[in-house]
Amino acid sequence: MTNLQYMAPPSDGAVGGDSRYDIYFEDMGYYGYTAAESYGPNPWNDATSYIVLHRNFIGFPPNTDPDGDQAGAAKVTVAHEFFHAVQFAYDVGEDGWWMEVSSTWMEDVVYDTVNDNYNYLPDFFSSPQTALTDGSYHCYASFIWDKYLQERFDTSVVRKIWEGCIYTTVTQATNDSLAPLGYSFAGGVAEFTTWNYITSTRNDGLHFSEAVSYPAMTIAAAYSSYPVSLRNSSVSPAGLGSAYIHFSPGAATGRLNITFDGSDSRTWAAYIVKSSAVNNHNIESLTLIPSGWTGEATIENIENYYSIALVAINTTANSAAAPFAYSAQIQSDYAVTGGLMGDTVGYGGAVRPLSYLVQNTGMLDDIINVTIYDSLGWLVPPMDTSFSLIAGETQTLGYNVTPPAGLPLNTRNKIYLQCQSLGDASVFDTTSAPFRTILQYGDADFNGVINILDVSYILNFLYRGGPVPEPVLAAGDMNCNGAMNILDVSAIINHLYRGAIGSPCNPF
C-alpha cells in the first residue's frame, strides 16, 4: 500500500518479539481482526497494532481466486486487516463504518481478481435506504462508495480523506477532499446512488467497471398504469440513504409527469433515470425547491422508453429515516394546475386564511375537483369541492388553517393540495407547502388572539409580579422595539379601540 502513498503503520519496536509487524493466527468464527496496542509516536490519535488471522480459512464463502477459496480469503483478509493497521497511523478512533468501508474496498485494490467482497453486496442492494454511515454489517457492503470514488475520480481521494481524518471528522474530511473536484459529500453520494441503479442487467458499461457482477438494485415500488396519486414512499431513507421508484410505460402514451416531495425535516436530492433500453440510460438531476423539497419532471412520449426511475436521496448525513411522497400521471388535452398563494405561517390558536389558485390550462372546458388537507389536522374540515372552469379560466379558493393554541414556535405541518380534471380523471396537479407556527407579537397570554386580556397580562407582569409572557418574553413587545413596557400596553389599546395598525413585526 506504500505505492498508494499511505503512511506505514507505526512500529511497536520489539513488542511481539522483534521490530517486524506482528501477525498471529487463531481458530475463530470470522476472517480476522486488527487490534490497537498503544499510542503511536505522532501528536495525533495514531496507534501501534497487531493483526490476527483465521488459521486456515476453511468454510468461508466462495470467491473467484484462481488459487482457490482458501487462498483468496487469506489474501483479502491480509489486505483488509493491514489497511486497518494503516488507518491507525491516521486516526485509531475514526468512525467504524468508514474504517470497514475503506478496508473492504482495499481488498479489491490489492487483489482485484478475488472478489470475496461480492459476498457482502446483497446486503447493500437489498436495503439502499440504510444510512451509508450505518455501522452494522451493512458497512462492509458499502465498500462500493469507495469504489465509486476510485472510478469517478481516482484512488487518491480515499487517501486524502484519511489524511484529513487526522485533524477532523470523516464527514468534513470527505467534503474537503471532494471540494476541489466540484463535489460535496452529499453531492457525491447523490450521484453515487445513480451508479448503484445501473448494475446487473442494467449495466451500460459507463459506470462501475464490474457493474455486471453486482446485484440489481431493489425497487421500492413499481408502476405500469396511471395515474399514480400522491402517496408516501413505502421505505424511508436514512441519512445518505436512497430509494428507487420505477415507472414502466405499460399501455400509456404521451407525456408522463412525475412529482417529488421530500420530508421538510431533511435535505434531499433526486434524479430521473430515463432508460430507452434495459441497459441504455440518460440521467437527469431533478431540480428541487429547498423551501419544501419539491420538484417535478416531464417525460415526453413515455411509450418510447423502457422505463423511468425516480431516485430519492436523503442528503442529511447522520439523520434518522424520513419518507418522501411522489405522484405520476399522463397528461392529455385536459390539463389543470394549482398553486398556493402567499406565505404559509400562522399563530397557534389563530385562524390563518389562505388561498389556492386553480386554472384550467387544457384545451377543453372542464369540471375541476379540489382536495385540500394537512398532515396534523389543522384544516378542519378538509376541503373537497368541485366547480366548472372554461378553458383558460382561473378560480381562487379560500380555506382556513387553525393551529391549536399553545404549540411551540416553529411547529411544522404540511398542506397538501390537489386539483383533478373530471373530464379525464388521470389528469391532476398535486403540490404541497410547509406550514409553521410563528410568534404573534402582542399575544402575551399565547391564546392566538390579541385582546384586552393581553393588556391585563402585561400589566400584571410589569407591576404585580405576574407570569412572563408566553411562549417567549417578546410576545409582550407589541410595538416591536426590543423592550416590553407600558408603551406596549398603549399600542395594544390603540390597535383594539382606536384603529391603529397591529405590531409592525407581525406579517399579517
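Please treat every number below as a calculation from the coordinates, not as lab data. Because the structure is predicted, anything quoted here is derived from the model rather than measured. In this analysis, Cβ positions are derived from the backbone assuming ideal geometry, glycine residues included, and neighbour counts consider all displayed protein chains.
Here are a few things to note about the model shown:
- Residues whose amide H comes within less than 5 Å of that of ALA335, counting only those at least five positions distant or on another chain, are THR361, GLY362, MET363, LEU364 (H built at 1.01 Å from N in the peptide plane).
- Rounded if a/c under 1.5, otherwise prolate or oblate - segment 384-457, Cα gyration tensor axes: prolate
- Ranked for footprinting exposure by Cβ neighbours inside 10 Å, fewest first, CYS165, CYS419 give CYS165, CYS419.
- Degrees between helix 452-463 axis and first principal axis of the chain (Cα, 0 to 90, nearest 10): 70
- Mean residue ellipticity, 222 nm, helices only, the chain: the sum of -39500 (n - 2.57) across DSSP H runs of n ≥ 4, divided by residue count and rounded to 500, is -6500 deg cm²/dmol.
- If you take the Cα centroid of segment 469-504 and the Cα centroid of segment 369-400, the two points sit 35 Å apart.
- Proximity of backbone amide H atoms, modeled 1.01 Å from N, is registered between LYS414 and SER375, LEU376, PHE435 at under 5 Å, excluding neighbours fewer than 5 places apart on the same chain.
- Considering only alpha-carbon pairs that sit under 8 angstrom and 6 or more positions apart, the relative contact order computed for segment 220-284 is 27 percent.
- For segment 126-142, 3J(HN,Hα) per residue [Karplus equation, 6.51 cos²θ - 1.76 cosθ + 1.60, θ = phi - 60°, Hz, x = Gly/Pro]: 8, 9, x, 6, 5, 4, 4, 8, 5, x, 7, 3, 4, 5, 5, 5, 6
- Computed from phi, the 3J(HN,Hα) profile of segment 486-496 under the Karplus parametrisation 6.51, -1.76, 1.60 (θ = phi - 60°) reads 5, 5, 5, 4, 4, 5, 5, 4, 4, 5, 6 Hz, with x in place of Gly and Pro.
- For ASN314, neighbours were defined as the other residues whose beta-carbon sits under 14 Å from its Cβ, and their charges (Lys and Arg +1, Asp and Glu -1) total -2.
- When you work out D = kT/(6 pi eta Rh) for the chain at 4 °C and 1.567 mPa s, using the Kirkwood radius from C-alpha pairs as Rh and the Stokes-Einstein form, the result is 48 µm²/s.
- Each residue of segment 382-399 is assigned a 3J(HN,Hα), and the resulting list reads x, 8, 8, 9, 10, 7, 8, 9, 6, 4, x, 7, 10, 8, 9, 10, x, 8 Hz, derived from the Karplus form 6.51 cos²θ - 1.76 cosθ + 1.60 (θ = phi - 60°), x at Gly and Pro.
- Neighbourhood net charge (12 Å Cβ-Cβ; Lys/Arg +1, Asp/Glu -1) for LEU357: -2
- 14 Å beta-carbon shell around THR155, net charge (K/R +1, D/E -1): -3
- Straight-distance candidates among the lysines for linking to LYS147, with alpha-carbon spacing under 27 Å and chain neighbours fewer than 8 residues away dropped: LYS75, LYS160, LYS274.
- Highest mean first, the peptides 272-285, 437-450, 378-391 sorted by other C-beta atoms within 10 Å per residue fall in the order 437-450, 272-285, 378-391.
- Between segment 131-209 and segment 43-88, the Cα center-to-center distance that results, in Å: 22
- For VAL401, distant residues with modelled amide H under 5 Å away: ARG352, LEU354
- Gained length - LEU453 relative to GLU37, 0.36 nm times residue gap less alpha-carbon distance: 142.8 nm
- Rounded to the nearest 10 degrees, the angle from helix 69-87 to the longest Cα principal axis of the chain is 60 degrees.
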